[in-house]
Amino acid sequence: MRKILTWGVLIFASFLLFLSDSFAQEIQNDQPVQDVQETQQEIPSDKEVILEKAEKIRYDSAGEIFVATGGVVVIQGENHIQCQELTFNLKDNKGSFKGEIVVTRNDTEIRSSLMEGDFDAEIYLFKEGVKLKKERQEEGEEVSFIFWQASLLRYNGKTEEAWSEEGAEIEWKETKIKADRAHYYPGKEGTGEEERIILEGNVFITEKDREIEVAKAIYYLDTEVLEAEGIIHARFIIQEKSEE
């Protein structure tokens, strides 16, 4: 009888230990899942579209398309967008915008009448009366602005490149530029690539009383150095030093 009781106690104790180990293992296995879920919740989704304001909205559930009109304000990724009418396809993450468009992202603001955006590729096409303003941090606390006007402009949100292929007018400090085609590249730290604007086709540049007309040019903004080829015309006025 004592042997039977002893074996019974041992079996019951072993069963309890098994339950304890299994329960502890479940807790350990569940913990990483919870951590991953919490981490996923903390990371904002690039595909999230927040419609902050609109007078009217029409949502097509089957087609996954919504149309918003009247004082529209939208946030998508780093883009804060104002317009009068928006058609957004939630399946392919693309949008079409119309009327008094103002897009701000970081230190860049772009205005136009029409805009098409592929928010996965982060390629945005602006049309009609395009005006881009980019803030630049100079040495120390000095700030300068690049002003860019064009009838058509493309902007890459991933690289921050901007380019026009149907004419562009650019102003920066005392420099004024007109060109058939212009492509802006931001500088990249650690690669040696400088911040620059590549200009092509009937390039006309004026600075103070100096002017130059060329076929192609590269303007480096950090050093304020111009490299040009295909010189058509150049005029440099040398100011006389005043006698003391």
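The values are calculated or read from the model by the stated rules, or taken from the named source; none is laboratory data. Predicted model, so just to flag it, every value in this text is computed and none were measured. Quick reminder, even Gly has a Cβ in these numbers, built from the backbone with ideal geometry, and neighbours come from all protein chains shown.
Contact map, segment 209-231: first residue within 13 Å of Lys176 (Cα to Cα) and surrounded by 12 or more Cβ atoms within 10 Å (Cβ to Cβ), second residue at pLDDT below 90 and basic (Lys, Arg), Cβ cut-off under 6 Å, separation 6 or more or different chains; pairs are Glu211/Arg235. The conditions of being under 26 Å from Glu122 (Cβ atoms) and not in a strand (DSSP E or B) are met by Glu160.
For segment 203-221, filtering for residues that are at pLDDT 90 or above and not in a strand (DSSP E or B) leaves 1. Please determine whether any residue of segment 79-96 is farther than 18 Å from Met115 by Cβ and either modelled with pLDDT of 50 or more or out of contact with any Cys (no Cβ under 7 Å at 6 or more places or on another chain) (or both). Taking every residue of segment 79-96 in turn, at least one turns out to be farther than 18 Å from Met115 by Cβ and either modelled with pLDDT of 50 or more or out of contact with any Cys (no Cβ under 7 Å at 6 or more places or on another chain) (or both).
Only one entry of Glu174, Glu200, Glu195 meets the criterion of being acidic (Asp, Glu), closer than 14 Å to Tyr219 by Cα and at pLDDT 95 or above, and that entry is Glu200. Of all residues in segment 98-127, those that are acidic (Asp, Glu), in contact (Cβ under 8 Å) with a residue 24 or more places away in the chain and part of a strand (DSSP E or B) total 2.
Residues are listed down the side, and each one gets a yes or a no for (1) within 16 Å of Ala162 (Cα to Cα); (2) crowded, with 17+ Cβ neighbours inside 10 Å:
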| site | (1), (2) |
| --- | --- |
| Gln76 | no, yes |
| Ile81 | no, yes |
| Thr87 | no, no |
| Glu100 | no, no |
| Thr104 | yes, no |
| Leu114 | no, yes |
| Leu125 | yes, no |
| Leu132 | yes, yes |
| Glu135 | yes, no |
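Restricting segment 137-150 to residues that are in contact with a Ser or Thr (Cβ under 8 Å, 6 or more places away or on another chain) and in a strand (DSSP E or B) leaves a set whose member that is surrounded by the most Cβ atoms within 10 Å (Cβ to Cβ) is Ala150. Summed over segment 57-79, residues that are part of a strand (DSSP E or B) and either under 19 Å from Gly129 (Cα atoms) or charged (D, E, K, R) (or both) total 2. For segment 164-175, filtering for residues that are within 15 Å of Val203 (Cα to Cα), of a type outside the set (A, V, I, L, M) and part of a strand (DSSP E or B) leaves 4.
Being closer than 18 Å to Thr104 by Cβ, assigned by TED's automatic domain parsing to the domain that holds Phe119 and not acidic (Asp, Glu): is that true of Lys134 here? Here the answer is yes, as Lys134 does meet what is asked.
Exactly one residue out of Thr206, Thr175 is more than 23 Å from Ile110 (Cα to Cα), in the same structural domain as Glu78 (by TED's automatic domain parsing) and touching a residue at least 12 places away in the same chain (Cβ under 8 Å), and it is Thr206.
Asn93 passes every criterion in (1) crowded, with 16+ Cβ neighbours inside 10 Å; (2) touching a residue at least 24 places away in the same chain (Cβ under 8 Å); (3) out of contact with any Lys or Arg (no Cβ under 8 Å at 6 or more places or on another chain) apart from (3).
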